[in-house]
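Q: Just passing along the structure, written as structure tokens.
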Amino acid sequence: MDSSPTVLVTGGAGYVGSHTVVELLKNSCTVVVIDNLVNSCKGSGTLPVCLQRVQDITGKPVIFYNVDLLDSKALGSVFEKHKIDLVLHFAALKAVGESCQIPLSYYRNNVVGSIVLLETMKQYNVYKLVYSSSATVYGTPQYLPFTEAHPTGQGCTNPYGKTKYFVEEIIQDLVASDKKWSAVALRYFNPVGAHESGRIGEAPQGVPNNLMPYIAQVAVGERKDLKVYGSDYDTPDGTGVRDYIHITDLAEGHVKAIWRLMKQSEPRWQAYNLGTGQGHSVLEVIHAFEEVCGRKIPYEICPRRPGDIASSYADPSLAKKELNWEAKKSLSDMCRDMWRWQSQNPHGFEEEKQ
Ligand code: NAD
Ligand code: WQD
């Protein structure tokens with residue numbers, strides 16, 4: 001990195017945020033995290049457990065504030081205390097099923113929260129933003145692999161996905177309104193795995209919604225068997241195909257995006273796919289996980305999960321061309337690191353909870 005910016009990371013105590021903080025610290029950034037810990041583990045010290053472990057991994061300090069994005073006064077006081085160069089915005093609620101039950105909470109937290117953040121940034125003259133978006137904004141594929149030019153918003157079937165799409169639109173309008181702004185939306189495909197140290201990883205509360213954490217909990221004996229949602233899709237083995245990406249590769253994509261924003265002279269908006277470009281079926285993931293953990297993953301074939309699509313995978317060439325980023329790790333690496341994290345921390349960060 002040319003210079004070493006001070007980066008405000010919203011939601012930095014979460015899964016993607018904590019892994020990204022490791023990469024930021026490795027690249028000599030000063031990191032200020034705000035998180036209200038709604039989906040993270042508090043711990044007994046001044047830092048949430050995962051950020052304490054980030055400090056252990058990197059040997060560098062993290063500045064942390066327990067602040068809710070919706071609290072504009074508390075957020076403003078963080079901007080008062082630190083000269084922020086750029087914001088990475090991860091904070092959001094992300095459970096698809098829950099978003100259908102409590103949509104207003106999702107719209108308030110993810111959309112209103114983002115507006116409060118953007119207003120506060122403007123108030124403190126901070127105009128550079130990296131936004132955590134999702135391949136979910138593409139909805140049902142009109143073609144594959146998804147390029148950034150694929151239509152967005154049309155097939156978002158749940159409130160969570162709509163919040164990701166709406167906030168992208170809000171940011172684009174803002175960038176168009178004032179040349180001081182520049183923003184990058186990173187559209188993640190399916191982030192999985194954990195830091196190779198085994199010290200930080202994804203710690204879902206309750207029953208995991210996503211495939212890889214569920215498999216890992218079956219492997220460690222926390223759950224009996226996996227339900228495979230559908231075997232009659234138009235895919236090579238009939239099960240759903242996704243573009244799984246190692247969390248560390250994903251985290252590195254954020255550093256590259258920052259680099260680009262710091263250098264960029266023209267104000268602009270750009271979305272980038274962060275994926276490997278390769279799809280894997282549910283059965284392939286099960287078998288890859290069995291290989292690394294040396295155990296059988298019992299599963300049963302069940303009906304399709306409502307709202308699921310058959311296949312989703314990225315064309316990641318724009319990120320390679322413009323960010324000089326590409327994913328390096330294989331499905332086997334993802335499973336190996338996921339298994340290390342899960343087997344060393346069978347209850348996530350719970351052991352160190354207050
Ligand atoms: P996560 O739940 O692990 O992390 C989000 C963090 O934000 C949590 O620590 C939570 O406590 C915090 N947070 C939520 N609302 C807040 C608020 N109002 N104020 C302050 N903090 C708040 O989720 P994640 O998997 O790390 O996802 C991070 C971002 O990436 C989200 O925006 C999500 O939509 C996006 N994303 C995630 C995935 C995925 O599969 N994990 C895929 C695509 C996009
Ligand atoms: C992957 C495949 C399932 C669980 C979701 C969100 C998306 C994004 C990432 C944030 C599918 C199958 C799953 C299980 C299964 N999040 N599956 N048994 O659905 O691609 O994306 O997380 O933006 O918005 O929708 O990921 O991991 O849930 O599912 O068979 O117990 O595994 O049907 O084919 P998905 P996933």
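Q: Please enumerate the residues belonging to segment 77-115 that are in a loop (DSSP other than H, G, I, E, B) and either open to solvent by 50 Å² or more (accessible area, probe 1.4 Å) or within 10 Å of ligand 1 (Cβ to nearest atom) (or both).
A: Our first condition is that a residue be in a loop (DSSP other than H, G, I, E, B); within segment 77-115, this holds for 82-85, 90-95, 102.
Matches in segment 77-115: Lys83, Asp85, Phe90, Ala91, Ala92, Leu93, Lys94, Ala95, Ile102.
Q: Out of curiosity, is Arg223 over 30 Å from Ala183 (Cβ atoms), charged (D, E, K, R), within 10 Å of ligand 2 (Cβ to nearest atom) and out of contact with any Leu (no Cβ under 8 Å at 6 or more places or on another chain)? Please lay out each step first, then the result.
A: On the way: over 30 Å from Ala183 (Cβ atoms): yes; charged (D, E, K, R): yes; within 10 Å of ligand 2 (Cβ to nearest atom): yes; out of contact with any Leu (no Cβ under 8 Å at 6 or more places or on another chain): yes.
In short, yes.
Q: Of all the residues that make up segment 126-154, how many are open to solvent by 20 Å² or more (accessible area, probe 1.4 Å) and more than 16 Å from ligand 1 (Cβ to nearest atom)?
A: Of the residues in segment 126-154, 12 are open to solvent by 20 Å² or more (accessible area, probe 1.4 Å) and more than 16 Å from ligand 1 (Cβ to nearest atom).
Q: Yes or no: Pro213 open to solvent by less than 20 Å² (accessible area, probe 1.4 Å), touching a helix residue (DSSP H, G or I) at 6+ places or on another chain (Cβ under 7 Å) and either within 16 Å of ligand 1 (Cβ to nearest atom) or of a type outside the set (Val, Ile, Thr) (or both)? Lay out the reasoning, then the answer.
A: Numbers: open to solvent by less than 20 Å² (accessible area, probe 1.4 Å): yes; touching a helix residue (DSSP H, G or I) at 6+ places or on another chain (Cβ under 7 Å): no; either within 16 Å of ligand 1 (Cβ to nearest atom) or of a type outside the set (Val, Ile, Thr) (or both): yes.
No, not satisfied.
Q: For Val9, all conditions in the list (1) open to solvent by less than 10 Å² (accessible area, probe 1.4 Å); (2) in contact (Cβ under 8 Å) with a residue 60 or more places away in the chain; (3) touching a His at 6+ places or on another chain (Cβ under 7 Å) hold save one; what is the number of the exception?
A: Among (1) open to solvent by less than 10 Å² (accessible area, probe 1.4 Å); (2) in contact (Cβ under 8 Å) with a residue 60 or more places away in the chain; (3) touching a His at 6+ places or on another chain (Cβ under 7 Å), the lone unmet condition for Val9 is (3).
Q: Okay, moving on. So which residues in segment 176-192 are open to solvent by less than 40 Å² (accessible area, probe 1.4 Å), more than 15 Å from Tyr272 (Cβ to Cβ) and more than 11 Å from ligand 1 (Cβ to nearest atom)?
A: Residues of segment 176-192 open to solvent by less than 40 Å² (accessible area, probe 1.4 Å): 178, 181-189, 191-192.
Next, only the ones that are more than 15 Å from Tyr272 (Cβ to Cβ) stay: 178, 181, 192.
Scanning segment 176-192 gives Asp178, Trp181.
Q: For Asp308, are the conditions met, namely being in a helix (DSSP H, G or I) and either buried (at least 23 other Cβ atoms within 10 Å of the Cβ) or touching a residue at least 40 places away in the same chain (Cβ under 8 Å) (or both)?
A: In short, no.
The values are calculated or read from the model by the stated rules, or taken from the named source; none is laboratory data. Values in this document were obtained by computation on a predicted structure and should not be read as measured data. Don't worry about glycine lacking a Cβ; one is built from the backbone with ideal geometry, like all the others, and counts go over all protein chains shown. For accessibility, only protein heavy atoms count, side chains too; no ligands or nucleic acids. Shrake-Rupley method; radii C 1.70, N 1.55, O 1.52, S 1.80 Å.
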